[in-house]
């Protein structure tokens, strides 16, 4: 079994045997136990890429073992941290299927996928429920899947655990064109959910509308800016753009006038709503204004950047305590101006002579946020936010990943071209920025689409862990950490790191250790188990805090 199969990053990242063709959003329902011919459930063996060639029974047996191992691993993690996870939902279902099961099916299908375990009690410490009818609940779960639009087609198996049988299901993320997945009886705006922490949250109207928009290419970046004129464009930036496109595409633009070229590039459009001018008035588009404008915030005050520098590693230090922000600043102007000003401000705060973060990584992350953010009318009142903590920088923009772009696509470049597939929400703005100059030289997005790879290369060269991303329907966040972490180190190195951090604290929870060391949940729990086995760490609970914590023995 490969290391990838033991990750807790979610089903989308793990190469688990699914029984569905590669690339299919949801696989067929598969059962470890046979059912009667009259049953509406589909009886299929689970095809496992790990199983050796042979009869179907051997293939199915191997696959069930794999799913049992995965389920056991997830239960171990939840016992360690004391609650469900972002990727796994537990429901008792002692007498009947949970009334909220469709909420979870929707949430996992609309998010990054996930796992469902039926017959396990969270309140009893994630132990099997007495008298649980796995066969009946397996059937009830498959029937619940039929109540969804689109219909959810998961893998459902019955797995043994501590003398009982549990129902274990994998729910894959649906393709963007199929979202939102919702409870049919409630409709998309009432029955669409998303996973947040260890629970399911009903989607807002904004989130549902954004998912529906992904069925077609958005064109908000082509919106004409009411009241704006060509005088709102920066002459130097316009001249640099025109020179660049004529140099790169002489057969297309060499003989075109400046005005015609700007029309071709959709920097300008004719505003036919002004009946006082025959043929309309030339006005900048939103893409043209954001790329080349003197001061776009004259028309869209919130299409800028807000930077906040916190005194510690948590917002709570400021929002709930007595601390104040170390610094804060609003960044305005066109995209090239905002990027340069934001990077300059960050370097001043984090130390330009020997920065903890490579400037190129910061620049590309900010470009990514401004280029791919949501520019729909509902989002034009939301800024890109950069939060600086003592251990990391978070860059968040409104609007999640678009189209075919997923976490896996970002992390895995195309095997031939070496860059990931590009699917952009704002295709005209994206194209403009390929030829838009910075005031200080160079171009905003000269290579077009490989910014994430440049970030990864810069962090790797600096010896810093890869950037982490968090994606949901309404927000995309990239986090750069200053730590030289032990995420990919050997188990013994992880254990040593945990020992070191526990020496500085009286007691810590697994979540706190994960955040402090930037570990994956699996690495943290594996390292903690090793320390407990060796008798070096003890479990502890405080009367006013039910969270399971750990301390060094002798402390």
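The values are calculated or read from the model by the stated rules, or taken from the named source; none is laboratory data. This is a predicted model, so every value here is computed, not measured. Don't worry about glycine lacking a Cβ; one is built from the backbone with ideal geometry, like all the others, and counts go over all protein chains shown.
Of note:
- When residues of the range 360-395 are limited to those that are in a strand (DSSP E or B) and within 18 Å of the chain's Cα centre (by Cα), the one farthest from residue 515 (Cα to Cα): 384
- Any hit, the range 498-517, residues being over 28 Å from residue 350 (Cβ atoms), modelled with pLDDT under 80 and within 27 Å of the chain's Cα centre (by Cα): no
- The residue of the range 381-399 that is modelled with the lowest pLDDT, among those that are closer than 28 Å to residue 226 by Cβ and surrounded by 18 or more Cβ atoms within 10 Å (Cβ to Cβ), is 399.
- Failed item, numbered, when residue 343 is tested on (1) outside any loop (DSSP other than H, G, I, E, B); (2) under 16 Å from residue 383 (Cβ atoms): (2)
- Within the range 128-171, if we keep just the residues that are part of a loop (DSSP other than H, G, I, E, B) and over 30 Å from the mean Cα position of the chain (by Cα), the residue that is surrounded by the most Cβ atoms within 10 Å (Cβ to Cβ) turns out to be 132.
- Exactly one residue out of 360, 343, 326, 337 is out of contact with any strand residue (DSSP E or B) (no Cβ under 8 Å at 6 or more places or on another chain) and farther than 23 Å from residue 469 by Cα: that is 337.
- Looking only at the range 183-223, residues that are closer than 15 Å to residue 112 by Cα and either part of a strand (DSSP E or B) or modelled with pLDDT under 90 (or both) come to 10 in all.
- The condition (being surrounded by fewer than 17 Cβ atoms within 10 Å (Cβ to Cβ), outside the structural domain of residue 380 (by TED's automatic domain parsing) and within 35 Å of the chain's Cα centre (by Cα)) is satisfied by just one residue among 264, 258: 264.
- Residue count for the range 77-95, restricted to those that are over 15 Å from residue 199 (Cβ atoms), out of contact with any helix residue (DSSP H, G or I) (no Cβ under 7 Å at 6 or more places or on another chain) and in contact (Cβ under 8 Å) with a residue 12 or more places away in the chain: 3
- Elements of type strands (runs of 3 or more DSSP E) in the range 253-318, at least 2 residues being in contact with a strand residue (DSSP E or B) (Cβ under 9 Å, 6 or more places away or on another chain) and touching a residue at least 60 places away in the same chain (Cβ under 8 Å): 305-309
- Checking the stated criteria, residue 106 turns out not to satisfy the condition of being part of a loop (DSSP other than H, G, I, E, B), touching a helix residue (DSSP H, G or I) at 6+ places or on another chain (Cβ under 8 Å), in contact (Cβ under 8 Å) with a residue 24 or more places away in the chain and buried (at least 16 other Cβ atoms within 10 Å of the Cβ).
- Residue in the range 455-482 that is nearest to the chain's Cα centre (by Cα), counting only those that are over 21 Å from residue 401 (Cα atoms) and part of a loop (DSSP other than H, G, I, E, B): 465
- Members of the range 172-216 found to be in contact (Cβ under 8 Å) with a residue 40 or more places away in the chain, surrounded by fewer than 19 Cβ atoms within 10 Å (Cβ to Cβ) and under 19 Å from residue 380 (Cβ atoms), listed by number: 204, 206, 209, 213
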